[in-house]
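Note sheet for the following structure.
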Amino acid sequence: MQYELRTQVIEPIRKTFTHLVERYGDRPASRYEEGTIGLQATEHFHYRPLWAPDKELYDPAYSRFVLTDPYSFTDPRQLYYAPYVTARSQLHESFGKTLDYLESHNLLARLPEAWRQLLTGLVLPLRHYESGGQMISSNACRFAYGTTIAQCAGYAAFDRVGNAQILSRIGLALGGGTTDALAEAKAAWMDAPALQGLRRYVEQAMVAGDWGVEMVALDLADSLLYAVLYRHLDEVALLGGAGSYSLLAQHLAGWFADQRRWVDALYKAWTADPQTGAANAEHLAAVAAEWLPKAQAAVTQLTAAIDELVPDAGAVGAVAAAADSVTASLAALGVTVSAQSKEESA
Amino acid sequence: MTATPTRPARKLSMKARYSALTRDLDWEPSYVSSAEMFPYTSFEGIKIHDWSKWEDPFRLTVDAYYKYQAEKDKRLYAVLDGFAQSQGHLSLSQASYLNAMKIFLGGVTPLEYQAHRNFAFLSRHFNGPGPRFAALCQSQDEIRHAQTEIHTLSNYNKYYSGMHSFLKQHDRVWYMSVPKSYFDDALSAGPFEFLIAIGFSFEYLLTNLLFVPFMSGASFNGDLPTMTFGFSAQSDESRHMTLGLEAIKFLLEQDEDNVPIVQEWVDKWFWRGYRVAAIVAQMLDYMLPKPVMSWKEAFELYFEKQMLEGLFPDLEYYGIKPPRHVQQAIDEKEALSHFVYWVFYNFSFAANFTTSIPSTEHQAWLAENYPDTFVEYFQKPRWDKAQRIVDNGGRFFFMGLPQLCQVCQIPMTFPEPGDLNTICQRTSDYNGEHFNLCSDGCKWIFDREPEKYVQAWLPVHQIYQGNCGGPTVPDVLAWYGMQEGDGGEIAGSRDEVNWAAWHGTPAAKEA
């Protein structure tokens, strides 16, 4: 039984903004659509950038990856600011609860020594990798063509500082409330041989210049790192009496699953574009051929050190498996990473 | 298994913790050079010796940011939903109040979006992690503002004219090139100039004249959603203001050689922003059925008192003087809004808002607030004449095209200093071509960077060149995406007619 509440009804004269009616038909638009589609200007720029006089302020030519219609890509998560901050607020709250639990039960201190070293010496330093990821993503947010891509990249940039913060908070906890473990991790990032490949990789990716190439390079490294550190090692940790590692890793693994959703959709949009798809696919193949072996070498260097600490970890093998999986998912898009380049990395 | 004995947890200070979670993420690259990593921070001549001297203006960790912002948005969207469900738009002061919001959505919202994109640029390309993180947060805030403004006004768009094509119109409609070119100017500059242009000048120096008057207008005129948005954005804006102030102090403290560069930017961006504020001035004085305060009063309080008497004495310590041409702005305060609304009254047939002769009561308010200028210079020679035309069954529109200033892009309407009866006209020649400027301020800006301003996309020139849909007014209006009811006279307009029908009152005839 429902009571009958009478409300004043006034027929609206239109359902949404004209550019959305033109694109999607005469239907009400979602808040994602109203707050996203077409926001970036595409015409009548008044001045050329002083620092790039050959380009417009927004210009598809900032990348070799081009969409004929930039809005053929939309975020499968439909994230605009409000749901974005709400989702991330939950992620960090849930991480905070995990960390509180670990701290209140003194579980980090009870990690097996090898896992403690692994965490401090090899995982915590990746807070700097995340910071590099922020800068790459911020660059994409500025230079990507069209609001849908720029918005995803912009949130991803902030996510990276969030991921770094998750690692840093673990570091603060490991340091008993001091920054000692973070300082140790930073020194390792700068000098430990196991990490230099990755640091070189991210520094080189940051200066690649083409925001699309930078994002793909970052994603290739992410795909290996996240698969091994936060998924594969998660399993290993559970078997090896390092349950706290698993509890922490789940949050970063969860983030990466979310990140993949839009990155995969972007790859799909690039390669499926009726006009530029073939060129994009070729370009993606070239970028993967150049960067995937480098990523694999860098992450293998890191995981070799993991295998030394935890002999049964199988981390190096997991990197190879992750690289195969990247190659397979690219192949599913019609992007063939040349065999030669794969051999070079082996 | 070695259980390391736990040390007693030492609490880090807020500052140390914030630093560990943000700027400590930075490292000195060694596989690529610093010049490769930061290619954009040397060409402007700004010298930074120690980036770590940047004082973080707000110490918000990422988790705290998410939590706080998510809570704010939850409250804001609850208000928007409730307002939509209850047909809250019917309790506005008048339908014509929304003219202010039509200008806001088309003129300001796209700027928020531009700020989002370029603060992202700074969050990649500044060498120091402190300013990078501050810019990153502001970049997030700015997309919030763009989106929440759209969502706030989306419900009005369903019932009223003039908002449906705000993005296209931002890029095409003649007066929209004023705010658009202003922001394009900032984005096309280097990262330090952008920081002074937007971070300092827009967000700090002029924010109470450029942004806040729309929110106050909303509050006075029953626009609950926009007012709620305004309050919801307030804590973001206060962070942005603090950042703007820190930005200028940081640049000035780093090297004495920065002072003359920053001074010129302050001079330029004051005048650029002030000219954009001319549109806000006419909104404050003419478009609000229930006025908040006059432009003159706002200018005196928010600029002369708070900035000239409050901020600039502090900046003097660094060798910074009040903006060049500030006296011209002070001299114009009695006349600025009147000139601009008169232009809008003349050309609203080609705009996304409607205009009308101010009511008798409203003219009395204007006369009271502008005792030295309104009656003599605007009421008698302009509005009385326009009224006679209306009394005879007409409505005056100026069907030609105005000459635009090459820098601010406002039609040439502003007076000679000290002479309200003469239109100020300055010219500069560059590469054998002749350019018109509306004021000494705009001429000075043009002459500093003529190679930049000659590129401007001037709407009137573009119409003459045949780039705007065709040679006739209907051609151009179609190209603007205008629909019946968007522009023209308030009396008898589609919004007025609907408003009257919704309220069960007879529609006002052509006044």
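Laboratory data are not the source of any read-out in this text; all were calculated from the coordinates shown. None of these values were measured; they are calculated from a predicted model. Using ideal geometry, Cβ is built from the backbone for each residue, glycine included, and neighbour counts are taken over all protein chains shown.
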GNM flexibility winner over chain A from A:HIS232, A:HIS44, A:HIS251 (Cα, springs under 10 Å): A:HIS44
Chain A: angle of helix A:315-332 to the longest principal axis, Cα-based, in degrees nearest 10: 20 degrees
Residue-averaged [θ]222 nm for the protein assembly as shown, counting only DSSP H segments that reach four residues, each worth -39500 (n - 2.57): -18000 deg cm²/dmol
Shape box of region A:77-345 [Cα atoms, principal axes, largest first, Å]: 58, 45, 30
³J(HN,Hα), Karplus 6.51/-1.76/1.60, whole Hz, each residue of region B:350-361, x for Gly, Pro: 10, 10, 9, 9, 10, 9, 7, 5, x, 4, 4, 4
Values of log10 I(q)/I(0), in the order q = 0.09, 0.18, 0.19, 0.20 Å⁻¹, for region A:17-162 under a Debye, Cα-only, solvent-free model: -0.45, -1.14, -1.21, -1.29
Region B:1-125 - Debye-derived log10 I(q)/I(0), Cα point model, q = 0.09, 0.10, 0.18 Å⁻¹: -0.58, -0.68, -1.23
Chain B: angle of helix B:177-188 to the longest principal axis, Cα-based, in degrees nearest 10: 20 degrees
Square roots of five times the Cα gyration tensor eigenvalues for the protein assembly as shown, Å: 52, 29, 26
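Would you mind classifying region B:205-304 by shape? Square roots of the alpha carbon gyration tensor eigenvalues, ordered a ≥ b ≥ c; an a/c under 1.5 is rounded, otherwise it is prolate if a/b is larger than b/c and oblate if not. Spell out each step's value before the answer.
On the way: a/c = 3.52, a/b = 1.79, b/c = 1.97.
Judged from the Cα gyration tensor, region B:205-304 comes out oblate (a/c at least 1.5, b/c at or above a/b).
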Computed over chain B: relative contact order in percent, which uses C-alpha pairs under 8 Å that are six or more apart: 17 percent
10 Å-binned pair-distance histogram of region A:70-141 (Cα, whole percent): 15, 27, 34, 18, 5, 0
Inter-chain shielding of B:143-156 (mean C-beta neighbours from other protein chains, 10 Å cut-off): 5
Candidate lysines - alpha carbon under 22 Å from B:LYS249, same-chain residues fewer than 8 apart omitted: B:LYS15, B:LYS47, B:LYS53, B:LYS268, B:LYS305, B:LYS321
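Given a Förster distance of 51 Å, report the FRET efficiency between B:GLN403 and B:ASN127 from their Cβ-Cβ distance, rounded to the nearest 0.05. Can you show the working numbers first?
Details: r = 44 Å, r/R0 = 0.86.
Result of the calculation: an efficiency of 0.70.
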Convex hull volume per residue for region A:15-100, taking Cα atoms only, in Å³: 174 Å³
Neighbourhood net charge (14 Å Cβ-Cβ; Lys/Arg +1, Asp/Glu -1) for A:VAL202: -2
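Note down the net charge around B:TYR182, summing +1 for each Lys or Arg and -1 for each Asp or Glu among other residues with Cβ under 10 Å from its Cβ. Can you show the working numbers first?
Details: positive: B:LYS180, B:ARG272, B:ARG275; negative: B:ASP184, B:ASP185.
Summing Lys and Arg as +1 and Asp and Glu as -1 gives +1.
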Shielding score for A:87-98, defined as the mean number of other chain Cβ atoms within 10 Å: 3
Tilt relative to chain B, helix B:494-503 - C-alpha long axis, 0 to 90 degrees, to 10: 90 degrees
Highest-MSF residue in chain A out of A:ALA257, A:ALA173, A:ALA144 [GNM, Cα springs under 10 Å]: A:ALA257
Prolate/oblate/rounded call for region A:220-346, Cα gyration tensor, a/c under 1.5 rounded: oblate
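Where Lys and Arg each count +1 and Asp and Glu each count -1, what net charge lies around B:VAL173 among other residues with Cβ under 12 Å from its Cβ?
Local charge sum for B:VAL173: +2.
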q = 0.10, 0.12 Å⁻¹, chain B: log10 I(q)/I(0) [Debye, one scatterer per Cα]: -0.82, -1.16
